[in-house]
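Remarks on the structure that follows.
Coordinate-derived values only; no laboratory data. Being a predicted model, the structure only gives us computed values, none of them experimental. Please note: Cβ atoms are built from the backbone with ideal geometry, for glycine as well, and neighbour counts cover all protein chains shown.
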Amino acid sequence: MKGVMLVGGEGTRLRPLTCNIPKPMVPIANRPFLEVMIGQLKAHGIDEIILCMGYLPDKIRSYFGDGREFGVRLTYVVEASPLGTSGAVKNVEQLLDDTCFIFNADIITDLDLTAMLRSHRERGAKVTIALTPVEDPTSYGVVETAADGRVRRFIEKPAPGEATTNLINAGTYVLEPEVLSLVPPGVFHMFERGLFPDLLQRGDPMFGYPSRCYWIDIGTPQRYLTVHRDLLGGQVAMALPGAKLGDGIWAEEGVRIDPTAQITGPVVLGRGCVIGGQARVTGPTVLGANCEVGAEATVEGAVVWRNARIGQRVVIRSSAVGEGVCLAEGAWLTGGVVVGDGACIGADNRLEHGARIWPGKTLEPGTLTF
Ligand code: GTP
């Protein structure tokens with residue numbers, strides 16, 4: 001079965017983590033998000049995957065190659081300029097000959113794709129849209145359906161009280177390729193504001209597929225941290241990398257932990273991590289490969305990408321740290337701070353309140369204190 005993945009977006013809301021890599025390559029517990037997703041698709045028999053690309057396509061292509069190593073066949077199509085969601089699928093129309101799945105590639109979910117496909121076929125739908133309930137639908141695309149599941153109305157970012165449901169478009173669709181004849185070629189075009197309203201107007205059979213599965217989009221730093229909290233907390237059925245060292249502690253090969261360090265799960269320690277004396281690493285935390293945590297440092301509720309150097313007495317809480325970042329002695333990161341790849345935070349800086357440091361930046365010692 002074929003699946004089309006939309007991987008062309010710039011991931012602007014997740015910057016600076018997406019300055020050097022596209023959102024689908026952002027690591028989830030030390031594996032690129034897309035690798036996690038490909039594994040899930042394969043489990044549901046989707047083994048021919050077309051990637052609609054735009055932003056930094058080579059970062060994806062060089063990692064996955066033809067897909068064989070990951071048990072799937074990958075086809076890459078790069079857009080000269082962004083075509084939007086339905087525009088991107090129109091662009092690969094010639095590769096689609098049968099019912100297929102379309103995926104936004106920034107969602108972690110355990111949606112039952114097999115059951116969704118069955119429902120699509122049983123109802124004779126042209127399009128089936130996965131729906132998920134959210135507490136506050138005002139920043140999403142709400143989809144109202146009739147009792148039989150047929151889509152009745154789309155409301156983009158409804159005002160409070162405007163929508164009669166909290167079910168939103170979950171970014172996964174089953175599609176009959178013939179509907180792409182309604183999409184103009186070579187222009188920017190979106191499912192939510194273009195193709196779906198057109199289908200609704202024509203009265204074509206378009207159904208919602210609501211489910212209470214786990215669902216989150218990883219599109220902002222805050223949600224990126226939440227995904228890790230949920231994943232390490234066991235709310236998502238996904239294997240964690242490495243061997244289980246103890247209660248909630250997963251370590252890949254070559255990890256060295258000083259006997260006086262205190263590790264409190266759930267924690268994932270990437271290959272070759274070194275944890276210094278009296279350091280405290282507290283879950284939910286993920287350290288990428290070859291991270292060094294200095295003596296008496298505290299890392300808690302954090303996601304740290306590979307090759308980070310965390311100095312003595314550094315504190316990282318509820319924050320995300322990019323690849324090869326250097327945090328000098330006594331630096332302090334709390335409250336949703338995001339540090340881009342290769343940045344250097346000098347000693348005794350205090351970063352708080354969601355501060356974002358761009359890749360490669362250097363903060364001289366003691367520049368920021370509160
Ligand atoms: P933001 O810039 O933070 O909004 O992120 P984004 O544009 O990367 O993601 P958004 O949530 O807006 O888009 C949903 C999905 O569609 C993501 O998987 C994007 O990669 C993808 N996408 C968005 N625009 C395009 C496009 O023009 N072409 C392709 N091929 N994919 C797109």
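A few remarks follow.
- Using C-alpha pairs below 8 Å separated by at least 6 residues, the relative contact order for the stretch 2-219 is 24 percent.
- Spacing of the two label points (7 Å from each Cα toward its C-beta) at Ala43 and Glu352, in nm: 4.1
- Histogram of C-alpha separations across the stretch 27-111, 10 Å bin width, %: 15, 51, 32, 2
- Debye equation applied to the C-alpha atoms of the chain, log10 I(q)/I(0) at 0.10, 0.13 Å⁻¹: -0.67, -1.03
- With the helix formula -39500 (n - 2.57) applied to DSSP H stretches of n ≥ 4, the chain reaches a computed 222 nm mean residue ellipticity of -4500 deg cm²/dmol.
- Value of relative contact order over the stretch 305-370, rounded to a whole percent, pairs C-alpha under 8 Å and six or more apart: 26
- Dipole of the stretch 2-219, positive direction: furthest Cα of Ile28, Phe70, Leu95, with charges on the beta-carbon: Ile28
- Using a simple spin-label model with pseudo-atoms 7 Å out from Cα toward Cβ, Lys244 and Arg123 lie 3.9 nm apart.
- Panel values: the stretch 2-219, Kirkwood radius from alpha carbon pairs, Stokes-Einstein at 4 °C and 1.567 mPa s, translational diffusion coefficient 74 µm²/s.
- Violating pairs (Cα-Cα greater than 25 angstrom) within the set Lys42/Lys126; Lys23/Lys361; Lys42/Lys90; Lys2/Lys90; Lys59/Lys126; Lys2/Lys59: Lys59/Lys126
- Overall size of the stretch 121-245 from C-alpha positions, given as principal axis extents largest first: 58, 34, 33 Å.
- Multiplying the residue separation of Glu364 and Arg280 by 0.36 nm and removing their Cα-Cα distance gives an extension gain of 27.7 nm.
- Dividing the Cα radius of gyration of the stretch 240-363 by 2.2 N^0.38 Å, with N the residue count, gives 0.94.
- Using θ = phi - 60° and Karplus 6.51 cos²θ - 1.76 cosθ + 1.60, couplings along the stretch 299-305 (whole Hz; Gly, Pro as x): 10, 9, x, 10, 10, 10, 7
- DSSP bridge pairs, the chain: antiparallel proportion in percent, nearest 5: 30
- At 0.890 mPa s and 25 °C, Stokes D of the stretch 1-41 from Kirkwood alpha-carbon radius, µm² per second: 224
- Calculated FRET efficiency for the pair Arg15/Asn166, C-beta based, R₀ 35 Å, to 0.05: 0.75
- Linear extension gain, Arg152 paired with Leu200, 0.36 nm per residue minus alpha-carbon span: 16.5 nm
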